[in-house]
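Everything below concerns the one structure shown next.
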Amino acid sequence: MRLPVRGLARRLHRAGMSEVHAHWRRQPIQPDTVLYESFAGNGMLCNPEAIFRRLLELPEFAHLTHIWAIAHPEDYAGTLAEFAGRSDVRFVRRGSSDYHRALATSGFLVNNATFPPQFSKRPGQIYLNTWHGTPLKHMGFDTPDGPSASANTMRNFAAADYLLAQNPFMTQTMYRSAYKLEGLYNGAIIEEGYPRVDRQTLSDTQVRDVRRALDPSVGADLEPDARRIVVFAPTWRGASFQRPDDNIDQMLEARDEFARALDPDRWRVLLKVHQAAYALAARRSGVADILVPNSLPTNQLLGLADVLVTDYSSIFFDFLATGRPIVFYTPDQTEYALGRGLYRSPEQLPGPQFIDAGDAAKAVRRAIDGLGDPDGLGDPDEVARYAAAQKEFTPFDDGGASDRVIDVVFRGNTAGHRIHREQQRRPSLLLHLGAMRPNGITTSAFNLVNSLDHEHFDVTVTYPGGPAATKMLETRFMNRSVRHMPRVGGLNGSKTQHLRRTIADRRGRGELDLTDPAEQQVWEDEWTRCFGDFRFDDVIDFSGYGPLWARLLLHSPQATRSIWLHNDMAADARRSVHGRLIHFRSLSAVFAHYSSYDNLVSVSKSLSEINRRSLSDRAPADKFRYARNCIDGAGIRAGASLPIEWMDDSVPAPPGLGVPRSSASERIFIAAGRLSPEKNFGRLIRAFARVHASQPDTRLVIVGGGPLRASLSDLAASLGLADRVHLIGQQANPYSFLAAGDCFVLSSDYEGQPMVLLEAAVLGLPIVTVDFPSVRDALPAGAATVVAQTDSALAEGMMAYLRGEVEAAEFDDVAYNREAVSEFMTVAGIRSAT
């Protein structure tokens with residue numbers, strides 16, 4: 001019982017914190033309060049610390065109250081003691097009730113990373129995100145897992161009133177490009193250098209304080225160790241900032257190699273690890289005298305250091321401002337560059353690079369011998385690279401960055417400062433893609449996004465974040481120009497409000513958020529939580545099945561809002577699986593919002609007429625329109641050319657699919673789709689039974705999974721077809737299976753736009769399909785043989801194929817896509833791009 005009790009306790013704690021957060025979000029903003037956070041509460045550090053200390057020094061800001069969020073205050077006793085006597089400085093534990101109060105009510109928010117997923121900026125709050133360094137290694141969408149890894153960062157950037165850039169390179173490479181803020185970010189980028197670099201200029205008193213922080217064994221009444229300092233500062237390794245690799249032993253070995261090259265009576269070699277790896281390093285025994293404490297601001301350490309040894313850490317950008325030597329020790333430079341990626345090659349770095357620790361140690365020795373010599377940095381090429389790097393990366397790190405940033409953020413003065421604001425030059429689209437499950441809606445969404453002209457349209461996609469989305473993006477191509485904003489975290493607001501919504505939905509009052517002010521506020525807050533201050537010209541719920549998204553997208557700032565209808569939606573609401581109406585409640589809530597959308601877009605002309613008639617009580621007739629789905633012809637043909645690979649090895653390969661056919665005359669009927677009632681695969685199996693009785697040299701293969709798989713298998717067995725009807729399940733590449741078939745067959749009761757027919761036509765398969773309202777919109781006349789929706793008619797159509805009376809489909813997918821994209825732009829109200 002222990003685990004369930006712990007799980008319940010965690011849920012109760014989260015629920016309690018949600019109530020606390022909701023309570024404080026209803027309280028007034030405190031305009032004279034500043035909340036600071038660095039590295040998720042990992043100390044009083046970085047740019048927020050420099051801004052905070054400078055504000056304390058300026059008399060005009062004496063009215064401000066300063067709150068620091070610290071994850072583990074017990075680890076920062078010295079920091080807390082420094083400000084113990086001040087009423088204007090407070091500390092809160094990150095994640096506590098006091099933290100939620102500060103996050104919800106502080107007038108100014110200053111962070112060098114990200115606030116947690118529940119953060120949603122309120123009107124009246126001013127948010128400065130300083131970030132924590134000019135990037136050398138790839139960031140954001142330039143990394144392999146960019147969409148998922150960047151989700152919370154994108155939310156924070158979208159909400160920020162100000163982003164801080166150390167230099168023009170950071171503005172362009174990180175913010176505009178790596179995080180795709182160009183053309184959409186609605187705040188201001190302050191390009192005025194880094195406040196934390198101001199802290200590298202130390203007074204004599206500060207020098208003594210830093211030396212004592214580095215050597216706690218020295219008493220306050222004694223002169224601290226005066227040995228000169230080499231700082232070894234490697235970055236973290238691993239796939240996740242939250243779970244760094246434990247390579248501390250390798251770091252310590254390299255540090256010892258550097259130390260052995262130097263006179264221990266004159267030099268100390270200190271290890272400064274990244275915030276992400278500090279906890280791992282601190283657990284090692286015997287490191288207390290060489291590990292730089294996390295509570296010491298990095299830039300004060302750099303102000304004392306004579307030589308810096310690093311690899312890919314952004315720390316070297318700050319150190320450039322000192323003019324002192326840098327040695328790069330990059331033992332894994334090849335694999336790191338290939339895996340994570342770098343914005344500068346090793347040959348461009350402002351210092352010598354080595355993959356061997358011994359060689360790097362010799363370079364440290366040479367750098368020490370050259371201290372004080374203008375040419376001591378190395379050969380002329382190295383000197384030139386160093387000077388060029390200073391000009392590019394530290395042009396504004398002159399000791400006054402804190403004052404300039406304070407002038408912009410806290411005084412509101414932008415005149416005379418380097419401020420960049422994005423200009424929206426292209427129409428901007430936000431598309432909700434759906435749950436990112438392997439189904440037709442997801443395929444159609446990817447096809448649409450990849451068919452758009454990304455030079456002329458700014459496209460953002462959103463979807464539920466999580467493993468399903470990550471897996472889908474790993475297996476399917478999406479144009480790299482697309483900006484991803486997966487939804488992470490959950491709705492804010494009280495549990496009482498959430499209960500009211502649930503009850504209203506069950507009673508058929510799904511439009512509560514359009515009539516109740518408290519509910520409206522929940523969804524307006526949720527829009528801000530997910531998309532910050534971003535503004536879109538067109539907002540599109542391409543899925544159309546989720547009430548959360550149907551509600552959320554209606555609370556966007558002014559935009560043209562469209563929702564897609566991929567099926568006979570009234571029929572889908574009544575669809576039963578194993579006696580349960582699986583979509584009734586959710587679609588009822590979606591239907592309640594139809595009248596608030598500008599466009600209700602079906603995926604075929606005939607389907608639009610069906611939805612217009614069946615949903616006439618939900619929205620005016622003139623809102624119902626249609627736009628056909630796009631098709632990825634090139635991708636289908638490429639997939640079809642690949643060898644068959646089974647997703648589930650436990651399913652035996654039927655003859656003709658991965659193994660030879662039983663005979664040269666054998667014919668394979670192929671079908672594909674979800675094994676659910678509206679697809680009526682039972683009709684297909686019964687029709688095939690008639691065909692097989694007349695023509696035994698035939699097989700039926702059905703690609704797809706779903707809730708009716710067991711009952712369909714039983715049906716085939718009852719008809720004596722267990723070895724002739726093959727339910728092979730869902731496949732990662734269905735096109736190689738379709739291409740192995742001889743004739744494609746569709747047996748659905750109804751479809752929105754039967755995309756599988758288009759896929760079969762792209763592959764040039766003969767097609768036999770039953771008749772339903774949207775089937776004649778799907779393909780050009782004559783591309784398929786259409787029969788009545790009966791077992792006997794379908795069997796006769798399949799027999800017609802065997803007699804040679806059903807010809808291979810002819811289909812121009814390129815011309816079709818041009819028309820489909822044009823229809824999409826027209827019905828969604830997207831203005832033409834010039």
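In the chain, helices alone account for a calculated mean residue ellipticity at 222 nm of -11000 deg cm²/dmol, with every DSSP H run of four or more residues adding -39,500 (n - 2.57). Sorting 87, 711 from the fewest to the most surrounding beta carbons within 10 angstrom yields 87, 711. Each part gets one Cα centre, and for region 252-324 versus region 622-658 those centres are 54 Å apart. Hydrodynamic estimate: the Kirkwood radius of the chain over Cα pairs, inserted into Stokes-Einstein at 20 °C and 1.002 mPa s, corresponds to D of 70 µm²/s.
Shown for the chain are the DSSP H helices of 30 Å or more along their axis, judged by Cα atoms, with a mean Kyte-Doolittle hydropathy of at least -1.0: 2-25.
Among residues other than residue 687 whose Cβ falls under 15 Å from its Cβ, what is the net charge (Lys/Arg +1, Asp/Glu -1)? All intermediate terms of the calculation are to be shown ahead of the outcome.
On the way: positive: 667, 679, 683, 686, 690, 699, 724; negative: 749, 771, 791, 796.
Spelling it out: positives minus negatives among the neighbours equals +3.
Please compute one quarter of the surface area of the Cα convex hull for region 766-812 and express it in square nanometres.
Values: hull surface 12.3 nm².
Mean shadow area of the hull around the Cα atoms is 3.1 nm².
For region 505-543 versus region 103-123, the spacing of their alpha-carbon centroids is 21 Å.
Based on the alpha-carbon gyration tensor of region 157-205, what equivalent-ellipsoid semi-axes (square roots of 5 times the eigenvalues) come out, in whole Å, largest first?
Details: eigenvalues 151, 26, 10 Å².
Each semi-axis is √(5λ); the values are 27, 11, 7 Å.
Please compute the Kirkwood hydrodynamic radius of region 220-379 from all pairs of different C-alpha atoms, in Å with one decimal.
Working: mean 1/r = 0.0617 Å⁻¹.
Radius from the Kirkwood sum: 16.2 Å.
Can you work out the FRET efficiency for the pair residue 362 and residue 295, with r the C-beta to C-beta distance and R0 = 45 Å, to the nearest 0.05?
On the way: r = 33 Å, r/R0 = 0.74.
Efficiency at R0 = 45 Å is approximately 0.85.
For region 321-431, compute Rh as the Kirkwood radius over C-alpha pairs and then the Stokes-Einstein diffusion coefficient at 37 °C and 0.692 mPa s; write the answer in µm²/s, rounded to an integer.
Details: Rh = 17.6 Å.
The calculation lands on 186 µm²/s.
Projection of the Cα convex hull of region 633-812, averaged over all directions and equal to a quarter of that hull's surface, yields 9.4 nm².
With Rg and the Kirkwood Rh both taken from Cα atoms, where does Rg over Rh land for region 1-138? Spell out each step's value before the answer.
On the way: Rg = 16.3 Å, Rh = 16.1 Å.
Taking Rh as the inverse mean 1/r over Cα pairs, Rg/Rh reads 1.01.
Applying the Kirkwood pairwise sum to the alpha-carbon positions of region 744-823 produces a hydrodynamic radius of 12.9 angstrom. Restricting to DSSP loop positions (anything but H, G, I, E, B) with no more than 13 other Cβ atoms inside 10 Å of their own Cβ, which chymotrypsin sites (Phe, Trp or Tyr not before Pro) remain in region 427-486? Here the chymotrypsin sites (Phe, Trp or Tyr not before Pro) that fit, given the DSSP loop and packing criteria, are 477.
Straight-line cross-link partners of residue 679 among the lysines, defined as a Cα under 30 Å from its Cα and at least 8 positions apart when in the same chain: 471, 605, 623. A dipole drawn for the chain from +1 and -1 charges on Cβ atoms has a positive end, and of 826, 517, 350 the residue lying farthest that way is 517. Amide H to amide H, with H built 1.01 Å from N, residue 107 comes under 5 Å of 30, 32, 33, counting only residues 5 or more places away or on other chains.
What does the charge count near residue 628 come to, summing +1 for each Lys or Arg and -1 for each Asp or Glu among other residues with Cβ under 10 Å from its Cβ? Neighbour charge sum, excluding residue 628 itself: -2. Listed by chain and number, the lysines whose C-alpha is less than 17 Å from the C-alpha of residue 180, apart from same-chain residues fewer than 8 away, are 137. Using a simple spin-label model with pseudo-atoms 7 Å out from Cα toward Cβ, residue 82 and residue 203 lie 1.4 nm apart. Pairwise Cα distances in region 495-624 exceed 19 Å in 50 percent of cases.
None of the figures in this text is laboratory data; all of them are computed from the coordinates on show. This is a predicted model, so every value here is computed, not measured. Neighbour counts are summed over all protein chains in view; Cβ atoms, including those assigned to glycine, are modelled from backbone coordinates with ideal geometry.
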